[in-house]
Every structure is written in C-alpha cells, then in structure tokens.
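The values are calculated or read from the model by the stated rules, or taken from the named source; none is laboratory data. Values in this document were obtained by computation on a predicted structure and should not be read as measured data. Here the Cβ positions follow ideal geometry from the backbone for every residue, glycine too, while neighbour counts run over all protein chains shown. Just so you know, the surface numbers come from the protein's heavy atoms only, side chains and all, with ligands and any DNA or RNA stripped out. Shrake-Rupley method; radii C 1.70, N 1.55, O 1.52, S 1.80 Å.
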Amino acid sequence: MDISLALGGGGAKGNAHIGIIRRLEQEGFRIRAVAGTSFGGIVAALYASGKTPDQIEELFAGVDQARLYGHVTGDGPSLLGLAGASKLFDEVFGAATFDDLPLPCALTGVDLKSAREVILTEGLVRDAVLATIALPGIFPPRRIQDWELVDGGTLDPVPVSVARMLAPKLPVVAVVLTSPVGAPARMLEVNIPYIPNIIARRLTHMRPAQAFDIFLRSVEIGNRQMTELRLEKDDPEIIIRPAVHHIQLLDQVDVHEVAKLGEAAVEEVLPDLRRVTAWPARLARSFVKRGSENGK
C-alpha cells in the first residue's frame, strides 16, 4: 500500500504530522515520497532523512521551544529570529543535501523577488528547512541562490502537486492543519518567547497589538480559502484533518499530546485510505495517467 505524503503548514499544530506518519506505518502504508511546507517541511525533511516518527517525536519533545528563536547578525527584518532553530538543524542535518536523503523529498518556499513558488529539491537540506518555515514578517527570509524565500504556505499551504510530482503513480495523502472555511478566526494571543505572561497579556490589549490581531485574522481567513482552492485544484486522493484548530502558530505544546491527535485523525479515514490503495484504484489511476499522456 504505497502512498506519497503532502504535509501542510501550521506551526505548532504540525506536531500532529508525527502521529499521522506513525499510524500510517502501523497500518502497513509505505510512504514512498514526502513533500512539506512550513512545519510540515521540517517533518518531511526529518522523515526523508531516515528518522522514525518516534525519533522525531523525541527530538521535538526534548527541545526547549522558547530557545528556538533569537536574531543573529545578517538577519533580515523580522519579529523573531531563528538562531536556536538554525543551530538545531545544523546538528540534525549537518551538510546533508537532498541527494543524500534516502526518500524522495521536496520542500516549498515563495520567492519575494519573483512572487513565485519555489520547489526545493537540491542543495543543503538545512537551508531549505529554514526557508520553508520563514513566516513572512515573523521570521527572516532565507537567501538561497538568487531567491529571497519565505514560507511556502504563502502560496501553497499543502503541497499536493509537489508530492504528486515526486511519485506520479501513487495516491497523495494530504495533511491539512488549517481551520475549515467559515470557522471563527481566533483572536491573537501573544506567545512571543522571552516575554512573561503578565506582560504578554498587557501587550495584547494595546492598540498596535489589536490592529495586528485584525491583520493576522484577515491573513488567516485568506489562507484558509487558499488552502481550499488549492485542494480543489490539486485533488489529493485522501485528506486528513487532525483536530488541532485550538493551537496557535507559536504555542508551546505537549508534543506527545499533539502527535496523538494525528493518530486519531488517521483512524477516521482508514476505510478511504484502504480503498484508494487497493488494486482496482491503482489500476484505474494507471489507465487515467496513460490516457492523459496519450492525449498530449
């Protein structure tokens, strides 16, 4: 039961990806390719490098989440830096390139210069990870070649087409972390590291923070709509939506508990997963693909 995987962005919600991958493996599904954006890109790169879901979970659980941030010399303008995260990725990936990964993998970014999506499948893995998680305005853009890259979720919140590019003959399982269209957008909660909670609460009630809240909620609403439009266009065979909508981007979470939410989400779609990986569905996809190629 071979599949390809498209892991969407969502900050701290992305720990659910760990449980999803673990449950898929337990049910006998073989992930032959993985694409990811934002936090999904981190998990995709780690899994493609050979780490098991248990190892990824222990890695994330053992990290002091408040120490992932901080600016370094040369950072572009941003609310937060990624000094701690950069050090972590240096330790985990070292000088590994995409060619060194045992599993086909691609991450996505958006180039601020050309306003286009960039699919990262070459070069240092650590650089690609830092690019795909560069939330605009929150984290500094990442310069790779001539690109100035920010979070790939800006244009493609769940990289279904990229996963299909990596493994054209396989069904794509898309993991979506955004809230459904129409669900209320949550008010801003200040979760900036280094700031005590009492100060954070006061900042939340200041007029600039309230204005920023309106801006962020508007962006979130647009991101949800973008997600749905891309899913409709790219048409993954299976969509998994873990119940993580109560979690905000930079929340400090219990990694183990969020991973369990991912496992539960897989349970809900198991019948459909088995249907799309059964031999009749595989045969049908083969005929469709062959017909489209002959029609070119």
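Put simply, the convex hull of the Cα atoms in the stretch 43-82 casts, on average, a shadow of 3.8 nm². Taking label positions 7 Å along the Cα-Cβ direction at both residue 169 and residue 146, the computed distance is 3.7 nm, reported to one decimal. Of 51/87; 13/233; 51/260, which ones are farther than 20 Å apart at the Cα? From the list (51/87; 13/233; 51/260), the Cα-Cα distance tops 20 Å for 13/233. If both residues of a DSSP beta bridge must be in the stretch 1-121, then about 35% of such bridges are antiparallel. For the stretch 1-151, the average shadow cast by the Cα convex hull is 8.5 nm², which is a quarter of the hull's surface. The packing ranking of peptides 222-233, 103-114, highest mean first, is 103-114, 222-233, where packing means the average number of other beta carbon atoms within 10 angstrom of each residue. If you roll a 1.4 angstrom probe over the protein chains with everything in place, what fraction of the accessible area of the stretch 90-176 belongs to carbon and sulfur, to the nearest %? The computed percentage sits at 51. Distant-in-sequence amide contacts of residue 81, defined by a placed amide H-H separation under 5 Å and a gap of 5 or more residues or a different chain, comprise 70, 71. Computed from phi, the 3J(HN,Hα) profile of the stretch 7-20 under the Karplus parametrisation 6.51, -1.76, 1.60 (θ = phi - 60°) reads 9, x, x, x, x, 4, 4, x, 4, 5, 4, 4, x, 5 Hz, with x in place of Gly and Pro. Taking amide H atoms as placed 1.01 Å from N in the peptide plane, the amide H of residue 118 lies under 5 Å from those of 109, 110, 111, each 5 or more residues away in sequence or on another chain.
Sorting check: for 42-51, 126-135, 76-85, which peptide has the highest mean count of neighbouring beta carbons within 10 Å, and how do the rest follow? The partial results should precede the final answer.
On the way: 42-51: 23.4, 126-135: 25.8, 76-85: 17.3.
Answer by packing, highest mean first, reads 126-135, 42-51, 76-85.
Largest accessible area first, the residues 246, 256 order themselves as 246, 256 under a 1.4 Å probe with ligands, DNA and RNA left out.
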